[in-house]
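J.: Sharing a structure with you now.
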Amino acid sequence: MCGIIGHLGKYNNLKIGIDALKRLEYRGYDSAGLAAFNAEKKDIFSLKTVGRISNLEEKFSKSPIFGNPFILHTRWATTGRVTEANAHPHWDCKKNIYIVHNGIIENYRTLKDKLLAMGHKFSSDTDTEVVSHLIEYFFKGNLEEATRKALKLIKGTYALLIISREDPQKIVAARLSSPLIIGIKDKDYFIASDYNAIIPYAKKVINLEDNEIATITPGNFFILKEREPEELDLKLEEAQKGKFSHFMLKEIFEEPEAIRNSISGRLLPEEGLAKLGGLEEVKDKLKEIERMIIIGCGTARYAGLVGEYMLEEYAGIPVEVDVGSEFRYRKPIINEKTAVLSISQSGETADTLAALREAKRKGALALGITNVVGSTQTRETDAGIYNHVGPEIGVASTKVFISQLTILALLTMYLGRQREMSLVTGRRISQELQKLPGLAETILKQDKQIQELAKKYSQFRNFFVLGRKYNYPIAMEGALKLKEVAYLIHAESYPGGEMKHGPIALIDENFPSVAICPSDSVYEKMLNAIEEAKSRNGKILAVATEGNEDIKKIADDVIYIPKTLEMLTPILTTIPLHLFAAYIGLELGLDIDKPRNLAKSVTVE
Ligand code: G6P
């Protein structure tokens, strides 16, 4: 959403840069800033303001800055509130390196902790600022070299412009999944995130490609395609378990943060809208879509099934969900009004990709949700949305599943508001989404209790996991997690209403059921299923809504989740099920991070 302008060449007056920045105003922003190198004073000067570009212009007219090269930015807040300190440009401790950035640095927390421990002083709450300090760490007089090293440690998306007081005749520009264009007119170079901004100053343009780093110097530039592996002296990005014994536990405890990161910068609560930058280019096509096919494997497909309930109820779009390995061999009915949505944590799952290609061949609009920037899926889809929740190390997907559900809720708002969804409903979903990270945190406070329950239930070898409507796919996810990480146990999921049609024959005192029964529109129906199991001596572990004391009369044990909108309950009910599976796995002495026979990313058919 943010905008970037940079110039190296004959213009010293930043008024030109401000005018170019104004041409990016349509993209939406909440603060703006600039920086320029003044050759006389041999220093970089910067100005920032909250609000409109006109505020920046006013500040500039009172204390003008002259210099070249210069960089400018409009910011749409994601990490860090709307404040002057959080506006770009950002700089390092020595005020040598100045940068502007579009995108998200996913691993900024890890990097920031390390940099703080090394004595770096930060002046903002943004993810972006770690980049200037990382470049500072590697800077030995050559800006592009230091940038190249710093970028190797970064996970996320970026369009970056960087200038330095100690290497002043240069702009370094880098891109990964966020557009950056170099406009050239004689010996003047204008760099921007959007071609429109620099039309008057460009005879020719070069579109930077992913992983390219451009170094622009007076009258010259060169582009380096970077990605060869290189040993670094500082292992900043080593995945750390921190205080946790296993990555899976750490990642479950990151689930509230995963929700926060997934909605960050993507909600316009007053307008009841979701802002999904990755879908901008296909916005109009999406208005025409009459049907959606969601494809995924394993956990990702279950997220898709929750998406089916959300999209049909709130956006009025008919949805079909299939596993990649089945879809690719079917004869699906697809036309140009069909969108295919591929959901994959890794973006590399062979079955999902094959299904996606098949749908594209038949003319579907191809969309994707993935956590891995630059993965095959991102390259092969027309548009998409990143999870932005940082690397997931545990083989069984946990925090990314939570993020997939959150993004599907955003997508439902996005498509719903393009259609019949009212402003009031949009606002309601948006408000509830904002509360979710806090609510998710309260569930994790029951950690000890869930661990105790896992100990108690680990003696059983068979489980049913039951749910209805929005929580039927979560029953599937709960059973899958038990299979994946507590694999001495066989767990099966059923919609509550199906038990009486056969499976109930299995129930006795040694066959417990986990019953997901939040206080929603199907609560009474779920109670029937619980009663049926109970009257056959089956033990019941219920996941219910806070305040429901009655459930204690039927269930043997209860884990409570806070109240939220029915469509968002899956995001909360999943959390205790993930913890329960992990703790049972540990209780059985299994390696929950690397369960036997499983791989994180399955790139074969
Ligand atoms: C493997 C993993 C599962 C995962 C599935 C899909 O089977 O073991 O945990 O859900 O792949 O992975 P993806 O990267 O496409 O989401």
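J.: Over the range 97-148, what is the relative contact order in whole percent, taking alpha-carbon pairs under 8 Å and six or more residues apart?
T.: That works out to 35 percent.
J.: Taking just the alpha-carbon atoms of the range 136-183, what radius of gyration and Dmax come out, in angstrom?
T.: Every Cα atom of the range 136-183 included, Rg and Dmax give 11.1, 31 Å.
J.: Report the paramagnetic label zone for Lys455: residues of the range 587-604 whose backbone N is under 19 Å from a point 7 Å from Cα along the Cα-to-Cβ axis.
T.: Once the point is set 7 Å along Cα→Cβ of Lys455, 587-590 turn out to lie under 19 Å by backbone N, inside the range 587-604.
J.: Considering amide H positions built from the backbone, and no H for Pro or chain starts, which residues 5 or more places from Gly80, or on another chain, come under 5 Å of its amide H?
T.: none
J.: For the range 77-118, what is the charge dipole size about the Cα centre, in debye to the nearest 20, if Lys and Arg each add +1 at the Cβ and Asp and Glu each add -1 at the Cβ?
T.: Roughly 100 debye for the range 77-118.
J.: In Å and from the alpha-carbon atoms only, list the Rg and Dmax of the range 3-237.
T.: Spelled out, the Cα radius of gyration and Dmax of the range 3-237 are 16.1, 48 Å.
J.: Roughly how much of Lys337 is accessible, in Å² to the nearest 10, using a 1.4 Å probe?
T.: That residue has around 70 Å² of solvent-accessible surface.
J.: Another question about this same structure. If the chain between Arg361 and Val82 were fully stretched, how many nm would it gain, using 0.36 nm times the residue separation less the Cα-Cα distance?
T.: 96.1 nm
J.: Out of every Cα-Cα pair in the chain, what percent are more than 35 Å apart?
T.: 43
J.: Give the Cα extents of the range 241-443 along the principal axes, in whole Å, largest first.
T.: Principal extents (largest minus smallest coordinate, Cα): 50, 40, 25 Å.
J.: Let me ask something additional. Project the alpha carbons of the range 492-581 onto their principal axes and report the range along each, largest first, in whole Å.
T.: 34, 24, 22 Å, listed from the longest principal axis down.
J.: Given the whole protein assembly as supplied and a 1.4 Å probe, what does the accessible area of Phe139 come to in Å², nearest 10?
T.: So the heavy atoms of Phe139 present about 30 Å² to solvent.
J.: Tell me, what is the percent relative contact order of the chain, built from C-alpha pairs under 8 Å that lie six or more residues apart?
T.: With pairs under 8 Å counted, the relative contact order is 11 percent.
J.: Estimate the FRET efficiency between Asn510 and Gln431 by the formula 1/(1 + (r/R0)^6), using the beta-carbon distance for r and 45 Å for R0, to the nearest 0.05.
T.: 0.50
J.: Work out from phi, with θ = phi - 60° and the Karplus expression 6.51 cos²θ - 1.76 cosθ + 1.60, the ³J(HN,Hα) of each residue of the range 508-522, listed in order in whole Hz, and give x for Gly and Pro.
T.: Rounded to whole hertz, the list is 8, 5, 9, 10, x, 10, 8, 10, 8, 9, x, 6, 10, 5, 10.
J.: Let me know the charge dipole size of the range 305-421 about its Cα centre in debye, to the nearest 20, where only the beta-carbon of Lys, Arg (+1) and Asp, Glu (-1) is charged.
T.: Computed charge dipole of the range 305-421: roughly 300 debye.
J.: Select from Gly80, Ser601, Ile16 the residue farthest towards the positive end of the dipole of the chain; place +1 on Cβ of Lys and Arg, -1 on Cβ of Asp and Glu, and compute about the Cα centre.
T.: Ile16
J.: Now a separate question. Please name whichever of Met292, Leu151, Ser264 sits farthest to the positive end of the charge dipole of the chain, dipole taken about the Cα centre and charges placed at Cβ: Lys and Arg +1, Asp and Glu -1.
T.: The Cα lying farthest towards the positive end belongs to Leu151.
J.: Next question, about the same structure. Pull up the DSSP beta bridges for the chain and report the antiparallel fraction as a percent, rounded to 5.
T.: That works out to approximately 60 percent antiparallel.
J.: Could you sort His501, His388 by their accessible area in this structure, using a 1.4 Å probe and putting the largest first?
T.: Descending accessible area places them as His501, His388.
J.: Which FRET efficiency value, to the nearest 0.05, is calculated for Ser123 and Lys41 with the Förster distance at 25 angstrom and r the Cβ-Cβ distance?
T.: Computed FRET efficiency for Ser123 and Lys41 comes out at 0.75.
J.: If you average the C-alpha positions of the range 166-218 and of the range 475-518 separately, how far apart do those two centres end up, in angstrom?
T.: Each part's Cα centre sits 57 Å from the other's.
J.: Next up: Give me the dipole magnitude in Debye, nearest 20, for the chain about the Cα centre, with unit charges on the beta carbon: positive for Lys and Arg, negative for Asp and Glu.
T.: Computed about the Cα centre, the dipole is about 1080 debye.
J.: Let me ask something else. Report, in deg cm²/dmol and to the nearest 500, the calculated mean residue ellipticity at 222 nm for the chain, where each DSSP H run with n ≥ 4 adds -39500 (n - 2.57) and the sum is divided by the residue count.
T.: Per the formula, -10000 deg cm²/dmol.
J.: Something else now. Given Cα pairs under 8 Å that are at least 6 residues apart, what percent is the relative contact order of the range 3-237?
T.: The normalised contact order for the range 3-237 reaches 20 percent.
J.: Can you tell me how much longer the chain between Lys203 and Glu166 gets when fully stretched, taken as 0.36 nm per residue apart minus their C-alpha distance, in nm with one decimal?
T.: Length difference between fully extended and current span is 10.3 nm.
J.: While we're on this one: Which order do you get for Arg165, Arg330 if you rank them by accessible area with a 1.4 Å probe, largest at the top?
T.: Ranked from most to least accessible, the order is Arg330, Arg165.
J.: Among Tyr487, Ile504, Ile450, which residue has its Cα positioned farthest towards the positive end of the charge dipole of the range 446-591, with +1 placed on the Cβ of Lys and Arg, -1 on the Cβ of Asp and Glu, and the dipole taken about the Cα centre?
T.: Ile504
The values are calculated or read from the model by the stated rules, or taken from the named source; none is laboratory data. Worth saying up front: this structure is predicted, and the values here are computed from it rather than measured. Ideal geometry is used to build each Cβ from the backbone, glycine not excepted, and the neighbour counts take in all protein chains shown. With ligands, DNA and RNA removed, areas are computed over all heavy atoms of the protein, side chains included. Shrake-Rupley method; radii C 1.70, N 1.55, O 1.52, S 1.80 Å.
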